[in-house]
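These notes are about the structure you will find just below.
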Amino acid sequence: MRDVFQQELHEVQQRLVEIAELVAEAMRKGTTAFQTSDIALAEQVIEEDARIDELALTLDELSIQILARQQPVARDLRVVVSALRMSASLERMGDMAEHLAQLTRYRFPDKVIAKGLRSTFKEMGELDIKIAEKLIKMLKTQDMKFVDAIRDIDDQIDALHLSVFDKVLSEAWGGTSMDTVDATLASRYYERFSDHAISIARKVKYLSTGEWAPELSSEEA
Amino acid sequence: MSKRIEVKDLNVYYGKFKAVEDVSLTIEPRTVTAFIGPSGCGKSTFLRTLNRMHEVIPGARVEGEVMIDGKNLYDADVDPVLVRRQVGMVFQRPNPFPTMSIADNVLAGVKLNNNKMSKSDAEHLVEKSLKGANLWKEVKDRLNLPGSGLSGGQQQRLCIARAIAVSPEVILMDEPCSALDPISTLAIEDLIDELKAKYTIVIVTHNMQQASRVSDKTAFFNIAGTGEPGKLIEFDDTTTIFENPHVQATEDYISGRFG
């Protein structure tokens, strides 16, 4: 009986990694589609998000079943309750990639982002892919060094997000209203993606410390 | 009234065998404290030292101090009968006196201490104690029938009524629900929660969910092996013990991982 339980807990953690891998893939493809106006790739990202949603749902069902049948305590309890929260964050991260793909589809064949901001968005996309990759490693190893790495990347993304606002609000900004709305939304999607990574990092820290809302040291957004 | 219990460096022996080693802990008034641990770890033995029930076994003795509001129970001038009046006990199997009526069962302890009690005082005390044990409504029309005619859960509440009739400061419960069905168990757990307003309660339980539901503090006892004395491993807030225990042995025990 206890072996089954241990197997189930292991499976919870495996499935989180599996979902995180799909999320990273969605962001890789989503950001490529977004920056190259690749409509076929955008369609693919939108289609594949359903898979992430479904996996998050079945993971939640497994977690609820474990709570009901095994009444986990201590670390086992923390594994299950944190998985419930992490699956929600991962699911939202998938949605952010999907939103980028949707913006791409709306504006096709034009590019979503006006010229003056393209290098900023290129950098944001790269950082989001990087944060997703660190996230997979963190979920696989539960190693705190990835928590710090994720926090540092998030700080960089937040700074870029602010710089987008500065740009579209400045006198020199020559974009149309639609350019402004698109840039603001897209920047928000990139920024939220990394914020969810931060939420997951907090839950990984909770797993080892038992502190529900731990500080991730240095400053946060 | 309820009182603080302070245990200092307590060792408990059965003859030459040391059953419990070096326990120190403080139990605050009006709290529920649960003792958990594997069979043979000394938790029941330790519980019984809190009202000197331990020494009724030949060869059994205690070293160290058990202070109740600053007074050591084991001082030479302390009468063990008075200790047991202050510190009541409820056992694993309900043990009402089988031939006595329900009312006489409630009064048994009181009559032992004070035989001269007016009829109206006695009736009043029976009602008050049975109400305190959440049993009054179920038995008020058959107070003169034998206690053994009640269900197991009702018998256990009758024993609790008998314990609180003598106005104790502390109530010790040694696995009070392990012979009861889930509904009676729930009734006893609700009762423990109500009794906590007036009494200091210490409960030994093998039911981990019960410990996590009813207690404010949890003490985990363990033994290193057969023939070794039991020790207090971890004593902390119940939420800490069940969400984030500090000692690995505690975590292994409550999570069901052994060895």
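Quick note: the coordinates plus some simple rules give every number you see, no bench work behind them. All of these numbers come straight from a predicted model, not from anything done at the bench. Cβ sites come from the backbone with ideal geometry, for glycine too, and all protein chains shown count toward neighbours.
Data table
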{"item": "Length gained when the stretch B:Met100-B:Asp75 is fully extended (0.36 nm per residue, less Cα-Cα span)", "result": "5.5 nm"}
{"item": "Between helix A:144-169 and chain A: long-axis angle, C-alpha atoms, 0 to 90°, nearest 10", "result": "30"}
{"item": "Cα-based Rg of the stretch B:5-254 normalised by 2.2 N^0.38 Å, two decimals", "result": "1.02"}
{"item": "Highest-fluctuation residue, A:Ala40, A:Ala50, A:Ala88 considered, GNM on chain A with Cα pairs under 10 Å", "result": "A:Ala40"}
{"item": "Modelled label reach - B:Asp9, point 7 Å along Cα→Cβ, the stretch B:29-73 residues with backbone N closer than 12 Å", "result": "B:63-65"}
{"item": "Backbone HN-Hα couplings from phi across the stretch A:178-194 [Karplus 6.51/-1.76/1.60, Hz, Gly and Pro as x]", "result": "5, 4, 5, 4, 4, 5, 5, 5, 4, 4, 4, 4, 4, 5, 5, 3, 6"}
{"item": "Two-decimal log10 I(q)/I(0) for the stretch A:1-76, as the Debye equation yields it once each C-alpha is a single scatterer, q = 0.15, 0.18, 0.20, 0.21 Å⁻¹", "result": "-0.61, -0.74, -0.83, -0.88"}
{"item": "DSSP-assigned coil residues among trypsin sites (Lys or Arg not before Pro) in the stretch B:1-97, each with at most 13 further Cβ atoms within 10 Å", "result": "B:Lys16"}
{"item": "Cα-Cα separations in the protein assembly as shown greater than 34 Å, expressed as whole percent", "result": "53"}
{"item": "Separation between Cα centres of the stretch A:1-77 and the stretch B:181-259, rounded to whole Å", "result": "35"}
{"item": "Whole-Å semi-axes of the stretch B:2-77's equivalent ellipsoid (Cα gyration tensor)", "result": "20, 16, 10"}
{"item": "With eigenvalues of the C-alpha gyration tensor scaled by 5 and rooted, the stretch A:15-120, Å", "result": "36, 13, 8"}
{"item": "Long-range amide H partners of B:Gly230 with built H, under 5 Å", "result": "B:Val20, B:Glu21"}
{"item": "Mean ellipticity per residue at 222 nm, deg cm²/dmol - from DSSP H runs of n ≥ 4 across the protein assembly as shown, formula -39500 (n - 2.57)", "result": "-19500 deg cm²/dmol"}
{"item": "Translational D in µm²/s for the stretch B:1-40 (Stokes-Einstein at 4 °C, 1.567 mPa s, Kirkwood Rh from C-alpha pairs)", "result": "107"}
{"item": "Cα-based helix-to-principal-axis angle, B:182-195 vs chain B, degrees rounded to 10", "result": "90"}
{"item": "Rounded tilt (10° steps) of B:119-132 against the dominant C-alpha axis of chain B", "result": "40"}
{"item": "Calculated P(r) of the stretch B:113-177 - Cα pairs past 15 Å, %", "result": "54"}
{"item": "Residue-count net charge about A:Ser87 - beta-carbon cut-off 9 Å; Lys, Arg +1, Asp, Glu -1", "result": "0"}
{"item": "Theoretical gain in end-to-end length, B:Glu28 to B:Thr240 [0.36 nm per residue, Cα-Cα removed]", "result": "74.6 nm"}
{"item": "Part-to-part distance (alpha-carbon centres) for the stretch B:124-145 and the stretch B:1-54, which is given in Å", "result": "32"}
{"item": "Compactness of chain A as Cα Rg over 2.2 N^0.38 Å, two decimals", "result": "1.09"}
{"item": "Net charge, B:Gly109 excluded, C-beta distance under 10 Å - Lys, Arg +1, Asp, Glu -1", "result": "+4"}
{"item": "Loop GluC sites (Glu not before Pro), the stretch A:164-215 (other Cβ atoms within 10 Å of the site Cβ: 16 or fewer; DSSP)", "result": "A:Glu171, A:Glu211, A:Glu215"}
{"item": "Cα-Cα over 25 Å, subset of B:Lys3/B:Lys217; A:Lys29/A:Lys115; B:Lys111/B:Lys131; B:Lys140/B:Lys217; A:Lys115/A:Lys137; B:Lys43/B:Lys111", "result": "B:Lys140/B:Lys217; A:Lys115/A:Lys137; B:Lys43/B:Lys111"}
{"item": "Neighbour net charge for A:Tyr106 - beta-carbon separation under 15 angstrom, K R +1, D E -1", "result": "-3"}
